[in-house]
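Below: the structure, in structure tokens.
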Amino acid sequence: MNCISGGVFLGTCFIALLPNNQAFTRKALEAKNIKIHYPLCELILMLGFFMVFILEQFMHAFKTEETPTTSNEETVEENNSDGSDVQLMPYNQIGQQHSHSHSHMSGLSSATNLKGIILYLALSVHSVFEGIALGLQNETDKLVDLFIAIILHECLVAFALGTNLMKKKSPRFVVKAAILFSLMIPVGQGIGMMIGNFKSPNADLASAILQTIATGTFIYVVFFDILPEEFFENPQDTLQKCSCVFLGFGIIAALQSIFVHDHLG
């Protein structure tokens, strides 16, 4: 299931999010009469990527620092059965190694938790903007098409997100996160309905930048957490896992081909 969810996230990233980010950015710039040939959307996306990358490295470095110990530093010697002396490791070195091991595991755990939180926040931000797009629609036909597309897409994303969180968090946390995540689209829809009459080029550009940064953080989590966990940390049944990843990706690709919609509509 985690491999299928990885494929769903992969498809969401490159088939759904990235093209929408590019369209948002292009139209926001056109609305401000700005002509630019530089790949600005991709640059902003990578800024989001590196933001999370650097943050995780700082957290990992902080958590893995060795803590000083005040244990006894005397070297202990014991007699072996044949009368020879056996020199044992100083107790403080044992404590330091044990402390370093726990610190390292704590660092890995914190990094894993950070990735899960980042994934959750990135998808939540995307869901809010999906809701905003829904709230801005004035035509019934486009509203129905967009609603169906969002529901189908978000059901798969929510399933994949729940599968990912269940591996890292307690069931109580997952339930709370699921309830909060389910509110993101209605919240976004309410925001879209309120701001429908107050749209401005600056607001559109700010929205495009925020969505693109969120996509960059999303890309980081997909390639540095979900996929490596299955193929490098647990390298068993790789062919079956590849098939599951492709299946998840194919589902999103098929849905996008059926329900192609423009969020800026």
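Brief remarks follow.
- Conditions (1) in contact with a helix residue (DSSP H, G or I) (Cβ under 9 Å, 6 or more places away or on another chain); (2) at pLDDT 75 or above; number of the one not met by CYS155: (1)
- Looking at LEU239, LEU210, just one residue is over 22 Å from LEU17 (Cβ atoms) and either within 20 Å of the chain's Cα centre (by Cα) or aliphatic (A, V, I, L, M) (or both), and that residue is LEU239.
- As a summary of the residue check, PRO19 satisfies the conditions (1) under 17 Å from ALA208 (Cα atoms); (2) touching a helix residue (DSSP H, G or I) at 6+ places or on another chain (Cβ under 8 Å) except for the one numbered (2).
- Just so you know, in segment 10-67 the residues that are crowded, with 19+ Cβ neighbours inside 10 Å and among the hydroxyl-bearing types (Ser, Thr, Tyr) include one that is modelled with the lowest pLDDT, and it is THR12.
- Just one residue in the set GLY265, GLY192 is modelled with pLDDT under 80, over 20 Å from the mean Cα position of the chain (by Cα) and part of a helix (DSSP H, G or I); that residue is GLY192.
- Every residue from segment 215-232 that is buried (at least 18 other Cβ atoms within 10 Å of the Cβ), modelled with pLDDT of 80 or more and not β-branched (Val, Ile, Thr): GLY216, TYR220, LEU227
The values are calculated or read from the model by the stated rules, or taken from the named source; none is laboratory data. Only a predicted model underlies this, so the values are computations on that prediction, with no experimental measurement involved. Backbone-built Cβ (ideal geometry, glycine too); neighbour counts: all protein chains shown.
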